[in-house]
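Undergrad: Sharing a structure here in structure tokens format.
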Amino acid sequence: MKTVMKTLHVDLGTRSYPIYIGRGLLNDPELIDPFIKGKTAVTVTNTTVAPLYLDKVHQLIPEITNTDILLPDGEKYKTFETLGQIYTEMLEARCDRKTTLLALGGGVVGDVAGYAAASYQRGINFIQIPTTLLSMVDSSVGGKTGVNHPLGKNMVGAFHQPQCVIIDTETLNTLDDRQLSAGIAEIIKYGYINDLDFIDWLDENMDKLLKRDPEALAYAIHRSCQHKADIVAADEKETGQRALLNLGHTFGHAIETGMGYGVWLHGEAISAGMVMAAELSKEHGWIDEADVNSIRELLKKANLPIEPPKEILAEQFNDLMSIDKKVQDGVLHLVLMNSLGESIISNDFDPDLLQKVLSRAV
Ligand code: NAD
Ligand code: GLY
């Protein structure tokens, strides 16, 4: 049964859309109905999420002719091949330009299915139904879609905004603890970008989040989505401040690619990456050792890693970081901390200090 629902809006003119957050929203067909324009839908999910929630999605759209597409589960399947599977099954089902794609799952499903929606017959409508904490607070909002390339994370994709985002927080009941913590990493990220009060709240309420207290989770999801919606509304295509959302990501993506996709979870890599960004900021004198330690403590409290894997050598790190979407005209830009709770996008860092941080870390 549906309980309290909160609604946020991503304001993008004609491409604006709502984010619905609440418990039991997957029991409410009226919510999704206005966003399905044609008579057909395709629901893209994976083999883990399908047995848990696919029936609920079917019940949401009883009048719609729906085709299910089940992807293999895992970051290592966020590939061109999986994209090809989606196109093929959509063509076999005679999906057309009025078909609505429903992306049911975590960030991997959302990103690859979103890119299929962006490109199938040059673009069709899609709806994000995120089922991991990470996808609820980050990947389902903002329209970044895409796949990994063996040489770099998320290197091929498109901006394609969904029609709406439906966050049923009850789906978190089946998520394992490691994945929950990975989602908390992205929540913590918003605090260090520009919301130190949120960091204080997270510090006080971390136990509740880890114990899946529904109110604490709903609050953290809502506040995170508000941050994301604001930044995306201001800079949809990342010409400026949206890059702040990549705090920890240049280091983190290097960890994910260097270790092999899926070995480190995205949120885990971002956690270690945030500490590396903090250490580099400290080397410049922008924050102090106590600040870095407070970041480490909060991430540790969330059961997240605070050091990169030793398997990646400094040299490899440099190589991996040079394939980053924040490299412009050959110059690497990093998200660093100007002070605690105020991140900046900078190419004005000392490369020697970066090397110092890398060689100390790995
Ligand atoms: P994921 O999609 O791999 O999901 C994690 C695991 O949880 C998977 O095994 C999945 O099958 C399972 N799962 C999903 N929902 C479940 C549920 N309710 N109960 C039980 N199991 C469930 O990982 P993720 O952390 O959700 O997403 C990571 C991906 O998101 C990365 O590829 C990352 O690059 C991407 N991402 C994209 C953006 C963006 O803006 N597009 C932002 C952040 C991250
Ligand atoms: N997760 C980074 C972004 O959406 O821009």
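The values are calculated or read from the model by the stated rules, or taken from the named source; none is laboratory data. What you see is a predicted model; the values in this text were computed from it and never measured. Positions of Cβ are generated from backbone atoms using ideal geometry, with glycine treated the same way; all protein chains shown enter the neighbour counts. Calculation scope for accessible area: heavy atoms of the full protein, side chains included, ligands and nucleic acids excluded. Shrake-Rupley method; radii C 1.70, N 1.55, O 1.52, S 1.80 Å.
Undergrad: Name every residue in segment 100-111 that is among the acidic types (Asp, Glu) and open to solvent by less than 10 Å² (accessible area, probe 1.4 Å), in order of residue number.
TA: In the first step, residues of segment 100-111 are kept if they are among the acidic types (Asp, Glu); the result is 111.
Correct list: empty.
Undergrad: To continue, here is another question. Quick one: would you say Gln226 is under 30 Å from Leu54 (Cα atoms), open to solvent by 10 Å² or more (accessible area, probe 1.4 Å) and part of a loop (DSSP other than H, G, I, E, B)?
TA: No: the conditions fail for Gln226.
Undergrad: Yes or no: Asp203 in contact (Cβ under 8 Å) with a residue 12 or more places away in the chain and either crowded, with 19+ Cβ neighbours inside 10 Å or of a type in the set (Lys, Arg) (or both)?
TA: Values: in contact (Cβ under 8 Å) with a residue 12 or more places away in the chain: yes; either crowded, with 19+ Cβ neighbours inside 10 Å or of a type in the set (Lys, Arg) (or both): no.
Spelling it out, it is not the case that Asp203 is in contact (Cβ under 8 Å) with a residue 12 or more places away in the chain and either crowded, with 19+ Cβ neighbours inside 10 Å or of a type in the set (Lys, Arg) (or both).
Undergrad: Could you please find all residues in segment 251-275 being open to solvent by less than 10 Å² (accessible area, probe 1.4 Å) and closer than 21 Å to Ser359 by Cβ?
TA: Passing the criteria: Phe251, Gly252, Ala254, Ile255, Glu256, Ala269, Ser271, Ala272, Gly273, Met274, Val275.
Undergrad: Does segment 274-295 hold any residues that are among the small types (Gly, Ala, Ser) and not in a loop (DSSP other than H, G, I, E, B), and which are they? Break it down stepwise before answering.
TA: Narrowing segment 274-295 to residues among the small types (Gly, Ala, Ser): 277-278, 281, 285, 290, 294.
Ala277, Ala278, Ser281, Ala290, Ser294, listed by residue number.
Condition check ((1) closer than 28 Å to Ser346 by Cα; (2) touching a Pro at 6+ places or on another chain (Cβ under 8 Å); (3) among the polar types (S, T, N, Q); (4) in the same structural domain as Val49 (by TED's automatic domain parsing)) across all residues:
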site: Glu170; (1), (2), (3), (4): no, no, no, yes
site: Tyr190; (1), (2), (3), (4): yes, no, no, no
site: Leu202; (1), (2), (3), (4): yes, no, no, no
site: Lys211; (1), (2), (3), (4): no, no, no, no
site: Gln241; (1), (2), (3), (4): yes, no, yes, no
site: Leu247; (1), (2), (3), (4): yes, no, no, no
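Undergrad: Of all residues in segment 138-181, which are assigned to a helix (DSSP H, G or I) and either open to solvent by 20 Å² or more (accessible area, probe 1.4 Å) or more than 11 Å from ligand 2 (Cβ to nearest atom) (or both)? Spell out how you get there, then give the answer.
TA: Filtering segment 138-181 down to residues assigned to a helix (DSSP H, G or I) leaves 138-139, 169-174, 177-181.
Within segment 138-181, Ser139, Thr169, Glu170, Thr171, Leu172, Asn173, Thr174, Asp177, Arg178, Gln179, Leu180, Ser181 qualify.
Undergrad: Follow-up question, since we're still on this one. Check whether at least one residue in segment 301-310 is under 28 Å from Glu238 (Cα atoms), in contact (Cβ under 8 Å) with a residue 40 or more places away in the chain and part of a helix (DSSP H, G or I), and report yes or no.
TA: No.
Undergrad: Test Leu340 against the stated conditions and say whether it is in contact (Cβ under 8 Å) with a residue 40 or more places away in the chain, assigned by TED's automatic domain parsing to the domain that holds Phe251, crowded, with 17+ Cβ neighbours inside 10 Å and in contact with an Asp or Glu (Cβ under 6 Å, 6 or more places away or on another chain).
TA: So Leu340 passes the test.
Undergrad: Still on this model: Go through segment 249-261 and give me each residue that's part of a helix (DSSP H, G or I) and of a type outside the set (Ser, Thr, Tyr).
TA: Kept after step one, since they are part of a helix (DSSP H, G or I), are these residues of segment 249-261: 249-259.
Within segment 249-261, His249, Phe251, Gly252, His253, Ala254, Ile255, Glu256, Gly258, Met259 meet the criteria.
Undergrad: Can you spot a residue in segment 333-340 that is part of a strand (DSSP E or B), among the polar types (S, T, N, Q), more than 21 Å from the chain's Cα centre (by Cα) and farther than 30 Å from Arg178 by Cα?
TA: Just the residues of segment 333-340 that are part of a strand (DSSP E or B), to begin with: 334-339.
Those left that are additionally among the polar types (S, T, N, Q): 338-339.
Narrowing the set further to residues that are more than 21 Å from the chain's Cα centre (by Cα) leaves 338-339.
Okay, now just the ones that are also farther than 30 Å from Arg178 by Cα, so 338.
Yes, there is a match, as at least one residue in segment 333-340 is part of a strand (DSSP E or B), among the polar types (S, T, N, Q), more than 21 Å from the chain's Cα centre (by Cα) and farther than 30 Å from Arg178 by Cα.
Undergrad: Could you pull out the residue among Asp111, Asp68, Asp73 that is under 30 Å from Leu180 (Cα atoms), assigned to a loop (DSSP other than H, G, I, E, B), in contact with a strand residue (DSSP E or B) (Cβ under 9 Å, 6 or more places away or on another chain) and assigned by TED's automatic domain parsing to the domain that holds Glu170?
TA: On the way: Asp111 fails: assigned to a loop (DSSP other than H, G, I, E, B); Asp68 fails: assigned to a loop (DSSP other than H, G, I, E, B).
Checking each option against the conditions leaves just Asp73.
Undergrad: Looking at segment 112-137, which of its residues are in contact (Cβ under 8 Å) with a residue 60 or more places away in the chain and open to solvent by 40 Å² or more (accessible area, probe 1.4 Å)?
TA: Hit for segment 112-137 is Asn125, nothing else.
Undergrad: Residues that are farther than 19 Å from Asn246 by Cβ and part of a helix (DSSP H, G or I): does segment 262-273 have at least one?
TA: Here is the first cut: in segment 262-273, the ones farther than 19 Å from Asn246 by Cβ are 262-263.
When the remaining residues are screened for being part of a helix (DSSP H, G or I), the result is none.
For segment 262-273, residues farther than 19 Å from Asn246 by Cβ and part of a helix (DSSP H, G or I): absent.
Undergrad: Follow-up question, since we're still on this one. Please state which one of Thr40, Thr65, Thr88, Thr79 is farther than 14 Å from Val165 by Cβ, open to solvent by 30 Å² or more (accessible area, probe 1.4 Å), among the hydroxyl-bearing types (Ser, Thr, Tyr) and without any contact (Cβ under 8 Å) to a residue 24 or more places away in the chain.
TA: Result: Thr88 is the single residue among Thr40, Thr65, Thr88, Thr79 that is farther than 14 Å from Val165 by Cβ, open to solvent by 30 Å² or more (accessible area, probe 1.4 Å), among the hydroxyl-bearing types (Ser, Thr, Tyr) and without any contact (Cβ under 8 Å) to a residue 24 or more places away in the chain.
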